[in-house]
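Asker: There's a structure below that I have some questions on.
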Amino acid sequence: GLTAMEKKLAEYKCNTNEAIQLKLVRFPEDLEDENTTFNPEYSHQVFGDDEVAFGYKGLKILLYYIAGNLSTLFRVEYSSKVNEKFDCVEADDVESKIRDIIPPGFCTNTDDFVSLLEKEVNFKPFGMLLHTYSIHNEEAGEDITYQIYKADMTCPGFREYHERLQTFLMWFIETASFIDVDDERWNYFLVFEKYNKDGATLFATVGYMTVYNYYVYPDKTRPRVSQMLVLPPFQGEGHGAQLLETVHRYYMSSPTVLDITAEDPSENYVKLRDFVLVKLCQDLLCFSPVKLMQGFSQEMVTEAQQKLKINKQHTRRVYEILRLRATNMGDAEQSRSYRLDVKRRLIGPYKKKQRELAKMRRCLRPEEMTNQLNQIDLNLQREQLEESFQQLVSDYRRVLERLAQA
């Protein structure tokens, strides 16, 4: 069992994902409204793998942002703290850990924060307006307007705003890191909501995306999506798809862009990209039902790249999704043809392994070869292949369902 001291110290451990309270504040009353509070998904990059702060009871780490320009209120509150004199232990320095990631110039008291809130009417989005769209809000019973802008570091005030905005990455992207903003090859795309306050039109930050423009010899660029975040109060409303489609359309018009990729995409990002790319491709002639049933073609690769800046690998996924829509899976022959077509692609890594084995046969002694062969069971391969195929079809069906509702 635990000693009395260990039990006592265990009471002073706080889960930092629960302790950190985030808000996007539009009105002074939001400060007291628990419904406007949201918590991080992750805090390990600031508080370690355990996501625990030691030394406090009832710990609250308040990080409140004004909805538009993201001016910040930061405060640490707790009901009690371990005392070095009596408990012989030291509490974690929570404050300095947060100060390391939020830029200086934040408020520490509510009055200063509220006085900044009154000036929010002067805040306007940065950069060039690319796209305006509306989404019906059930709760408000009206359509809400959103706008997407492209900005860069030459926009007055954008550098400081971006420093505040990127702090959200630490709480919502598992392996986030801050980017080098002095590198001019970065592009920034921002989503804002338009809302009314006392008869004036104001703007609230919804989310953003950073894209890095890689050079491709001899005269092209390859934009690569680095970070993409829709803030939690706006998630599940379709802003990610609007943002990604707008970014694609922005680069599509440039003759120097080869294709658009993403850096280390998450599972959710891949699903989002599937939806957006299928939506863009479905009207191309090369993806007509007749051509889909003839199989994946170079024509698809060429047209998707030239017209929509989509690379070969992503075009192949688009083809498989659209071919699933064109296939009657109740028809044994059509279903078998589709399954074989997708599995031929999926089997690639297994075939690579077999080629490596053939090389080993030439180099290894018989007993070593047996060890290697034992690791690659063919029945297991077949099972894994079938599992991968079923998972893929399930993901593809979700894309098609979303497409039918769009």
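Asker: Semi-axes of the equivalent ellipsoid of the stretch 124-264: what are they in whole Å, largest first, if each equals the square root of 5 times a C-alpha gyration tensor eigenvalue?
Answerer: 27, 17, 15
Asker: Dividing the Cα convex hull volume of the stretch 204-299 by residue count, how many Å³ per residue is that?
Answerer: Numbers: hull volume 13.3 nm³, N = 96.
Here the figure is 139 Å³ per residue.
Asker: What length, rounded to one decimal in nm, is gained on full extension from K343 through to S266, with 0.36 nm per residue of separation minus their alpha-carbon distance?
Answerer: Length difference between fully extended and current span is 25.4 nm.
Asker: On alpha carbon coordinates alone, what is the Rg over Rh value for the chain, Rh being the Kirkwood radius?
Answerer: Reported Rg/Rh, Kirkwood definition of Rh: 1.05.
Asker: Among the lysines, which have Cα under 18 Å from the Cα of K279 when same-chain residues fewer than 8 positions away are ignored?
Answerer: K271, K291, K307, K309, K312
Asker: Let me ask something else. Just need the relative contact order of the stretch 2-120 here, percent rounded to a whole number, with Cα pairs under 8 Å and 6+ apart. Could you put the intermediate results ahead of the total?
Answerer: Working: 180 pairs, mean separation 30.0, N = 119.
Result for the stretch 2-120 is 25 percent.
Asker: Determine which lysines satisfy two conditions relative to K57: a Cα distance under 19 Å, and not lying fewer than 8 residues away in the same chain.
Answerer: K7, K8, K13, K81, K85, K97
Asker: If you don't mind, there's one more thing I want to ask. Suppose all protein chains stay in the model; what accessible area per residue would a 1.4 Å probe give for the chain, in Å²? Kindly include the intermediate steps, with their values, before the conclusion.
Answerer: Details: 21980 Å² over 406 residues.
In whole numbers, the chain has 54 Å² accessible per residue.
Asker: If Rh is defined by the Kirkwood formula over all Cα pairs and Rg also comes from Cα, what ratio Rg/Rh do you get for the stretch 6-66?
Answerer: Values: Rg = 13.4 Å, Rh = 12.6 Å.
Looking at the stretch 6-66, the ratio lands at 1.06.
Asker: Moving to a separate point now. Taking 0.36 nm per residue of separation and subtracting the Cα-Cα distance, what length does fully extending E142 through E77 add?
Answerer: Working: separation 65, 0.36 × 65 = 23.40 nm, distance 3.81 nm.
Result: 19.6 nm gained on full extension.
Asker: May I ask you to derive the relative contact order of the stretch 104-221, considering only C-alpha pairs under 8 Å and at least 6 residues apart, and to give it as an integer percent?
Answerer: 22 percent
Asker: In 10 Å bins starting at 0, how do the alpha-carbon pair distances of the stretch 2-120 split up by percent?
Answerer: Each 10 Å bin holds this share of Cα pairs: 12, 41, 30, 13, 4, 0.
Asker: Longest span of the chain, sites excluded, free of GluC sites (Glu not before Pro) in DSSP loop with at most 13 other C-beta atoms within 10 Å?
Answerer: Of all site-free stretches, the longest is 264-406.
Asker: Oh, and also: Give me the one-decimal nm value for the distance between modelled label points at S177 and Q390, 7 Å along each residue's Cα-to-Cβ direction.
Answerer: Distance between the two pseudo-spin positions: 3.9 nm.
Asker: So, one more: Suppose only helical runs count, i.e. DSSP H with n ≥ 4. What mean residue ellipticity at 222 nm does that imply for the chain under -39500 (n - 2.57) per run, divided by all residues and rounded to the nearest 500 deg cm²/dmol?
Answerer: -12500 deg cm²/dmol
Asker: Tell me, what is the percent relative contact order of the chain, built from C-alpha pairs under 8 Å that lie six or more residues apart? The partial results should precede the final answer.
Answerer: Details: 559 pairs, mean separation 37.8, N = 406.
This gives 9 percent for the chain.
Asker: Just to check I understand the Karplus step: with θ = phi - 60° and J = 6.51 cos²θ - 1.76 cosθ + 1.60, what whole-Hz values come out for the stretch 67-74, glycine and proline as x?
Answerer: So the J values, rounded to whole Hz, are 4, x, 7, 6, 3, 10, 10, 10.
Asker: Still on this structure, please answer the following. Using label points projected 7 Å from each Cα along Cα→Cβ, tell me how many nm separate N196 and L129, to one decimal.
Answerer: 1.8 nm
Asker: Can you tell me the convex hull volume per residue for the stretch 82-131, based on C-alpha atoms, in Å³ to the nearest whole number?
Answerer: In the stretch 82-131, the Cα convex hull volume per residue is 155 Å³.
Asker: Here's another thing I want to ask about it. Out of the DSSP beta bridges found with both residues in the chain, what percent are antiparallel (nearest 5)?
Answerer: If I count the DSSP bridges inside the chain, around 85 percent turn out antiparallel.
Asker: If you don't mind, there's one more thing I want to ask. Distances longer than 22 Å among the Cα atoms of the stretch 123-198: what percent of all pairs is that?
Answerer: Counting pairs separated by more than 22 Å, the tail of P(r) holds 38 percent.
Asker: Can you compute the FRET efficiency between F27 and D50 using 1/(1 + (r/R0)^6), with r the Cβ-Cβ distance and R0 = 25 Å? Round to the nearest 0.05.
Answerer: My answer for the efficiency is 0.10.
Asker: Would you calculate the separation in nanometres between label points at N109 and C363, each defined as 7 Å from the Cα along the Cα-to-beta-carbon direction?
Answerer: Result for the modelled spin labels: 7.1 nm.
Asker: Through the Karplus equation 6.51 cos²θ - 1.76 cosθ + 1.60, θ set to phi - 60°, convert the phi angles of the stretch 302-318 into ³J(HN,Hα) values in whole Hz; use x for Gly and Pro.
Answerer: For the stretch 302-318, the Karplus-derived couplings read 5, 5, 5, 6, 5, 8, 10, 6, 9, 7, 4, 4, 6, 4, 4, 5, 4 Hz, x marking Gly and Pro.
Asker: Using a cut-off of 19 Å between alpha-carbon atoms, which lysines can reach K194, once sequence neighbours fewer than 8 places away in the same chain are excluded?
Answerer: Qualifying lysines at Cα under 19 Å: K23, K119, K124, K150.
The values are calculated or read from the model by the stated rules, or taken from the named source; none is laboratory data. Keep in mind the model is a prediction, meaning the values are calculated, not measured. Ideal geometry is used to build each Cβ from the backbone, glycine not excepted, and the neighbour counts take in all protein chains shown. Remember, those area values only see protein heavy atoms, side chains included, never the ligands or the DNA or RNA. Shrake-Rupley method; radii C 1.70, N 1.55, O 1.52, S 1.80 Å.
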